[in-house]
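The values are calculated or read from the model by the stated rules, or taken from the named source; none is laboratory data. Note that the structure is a prediction, hence the values are computed from the model and not measured. FYI the Cβ positions are ideal-geometry reconstructions off the backbone, even for glycines, and counts take in every protein chain you see. For accessibility, only protein heavy atoms count, side chains too; no ligands or nucleic acids. Shrake-Rupley method; radii C 1.70, N 1.55, O 1.52, S 1.80 Å.
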Amino acid sequence: VPNLQGPRYISPASNGGFVVSEECGDVKVFTSGHKLLCSLGSKYGHQFGNPAGVCVDVDGSILVADEQRRTVHLFPEHGAPVCLVSAGLRRPAGMACSSFGQLFVADAGENCVKVFKYRARPP
């Protein structure tokens, strides 16, 4: 997949495609055929500082850690983005989602992994 602006983190997506964060740029979503489906910045009108870790949950929502803004946002397939974490992160980097509604964030600024519960309904 060419023409990315400093690719950083990547995650498989529920549709067989994948999601890539770009350093000081955007987050791009690709189909299983490696074609650009959309950029989250354009689709949602969201301005990223420095997108880092990305993951996709069991509902198909894309979660993005923003290293510069020290936040984590959830981008649902339909609807507006939701800020899940707005405090307590120094330098969020890699992320992973569990099927039980947990979000694991590697915080490089504090040399630890932080665990958040973000989905109330059971799997």
| task | Name the one entry in Cys38, Cys55, Cys83 that is in a strand (DSSP E or B) and more than 16 Å from Ser11 (Cβ to Cβ). | result | Cys83
| said: Quick check on Ser99: is it under 15 Å from Lys117 (Cα atoms) and touching an Asp or Glu at 6+ places or on another chain (Cβ under 9 Å)? | reply: yes
| task | Specify the residue that is nearest to Cys24 (Cα to Cα); the eligible residues are those in segment 86-97 that are open to solvent by 40 Å² or more (accessible area, probe 1.4 Å) and part of a loop (DSSP other than H, G, I, E, B). | result | Arg91
| task | Can you give me the number of residues within segment 5-37 that are surrounded by fewer than 17 Cβ atoms within 10 Å (Cβ to Cβ) and over 18 Å from Ala65 (Cα atoms)? | result | 10
| said: Given the criteria within 19 Å of Tyr118 (Cα to Cα) and either in contact (Cβ under 8 Å) with a residue 12 or more places away in the chain or part of a strand (DSSP E or B) (or both), does Phe48 qualify? | reply: no
| query | Taking segment 29-68 only, how many residues are among the charged types (D, E, K, R) and out of contact with any Pro (no Cβ under 9 Å at 6 or more places or on another chain)? | reply | 3
| query | Quick one: would you say Val115 is open to solvent by less than 20 Å² (accessible area, probe 1.4 Å), in a strand (DSSP E or B) and among the β-branched types (Val, Ile, Thr)? | reply | no
| Cross-chain or 6+ apart pairs with Cβ under 8 Å, segment 56-82 first and at positive phi and of a type outside the set (Gly, Ala, Ser), then open to solvent by less than 70 Å² (accessible area, probe 1.4 Å) and at pLDDT 95 or above | Arg70/Leu89; Arg70/Pro92
| message | For Arg70, only one of the following conditions fails: (1) open to solvent by 30 Å² or more (accessible area, probe 1.4 Å); (2) modelled with pLDDT under 95; (3) more than 12 Å from the chain's Cα centre (by Cα); (4) closer than 19 Å to Val115 by Cβ. What is its number? | response | (2)
| message | Out of the residues in segment 51-61 meeting the condition of being of a type outside the set (Asp, Glu) and open to solvent by 20 Å² or more (accessible area, probe 1.4 Å), tell me which one is nearest to Val105 (Cα to Cα). | response | Val56
